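Below: one structure, written as structure tokens.
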Amino acid sequence: MDDRKPDLILAKIAVDAEFVTPAQMKKCLKLFQESENARSLGSILYALGFVSEGQLKDMEAIRDEYLEQ
């Protein structure tokens, strides 16, 4: 599996759930790419204040459930 796949799924969930705008996600993905995947996308979303801890946990649960299929 592509190492970035979980983060890219999280990005789709965040935008689809309207937790972030496409522009905010674009900024986060740029920072994610610049970090050379050293930071998770979720940690970037949370650090920038785009999502709450609860929203992040919900998105991660949805992503993990999807990846288990």
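None of the figures in this text is laboratory data; all of them are computed from the coordinates on show. These numbers were taken from a predicted model, which means no experiment stands behind them. Neighbour counts run over all protein chains shown; Cβ positions are idealised from the backbone, glycine included.
Remark: the Cα gyration tensor places the range 1-41 in the oblate category, a/c being 1.5 or greater and a/b not exceeding b/c. Between Lys26 and Ile62, the simple spin-label model (points 7 angstrom out along Cα→Cβ) gives 2.2 nm.
Mean residue ellipticity at 222 nm, helices only, the chain: -21500 deg cm²/dmol; runs of at least 4 DSSP H residues each add -39,500 (n - 2.57), and the sum is divided by the number of residues. Have a look at Ala17, Ala38, Ala47 and tell me which one the Gaussian network model of the chain (Cα, springs below 10 Å) gives the largest fluctuation. Greatest mean-square fluctuation among the candidates belongs to Ala38. The GluC sites (Glu not before Pro) of the range 6-51 that meet both conditions, a loop assignment by DSSP and at most 14 other Cβ atoms within 10 Å of the site Cβ, are Glu18, Glu36.
Once the C-beta distance of Lys12 and Ser52 is scaled by a Förster radius of 22 Å, the resulting FRET efficiency is 0.75 to the nearest 0.05.
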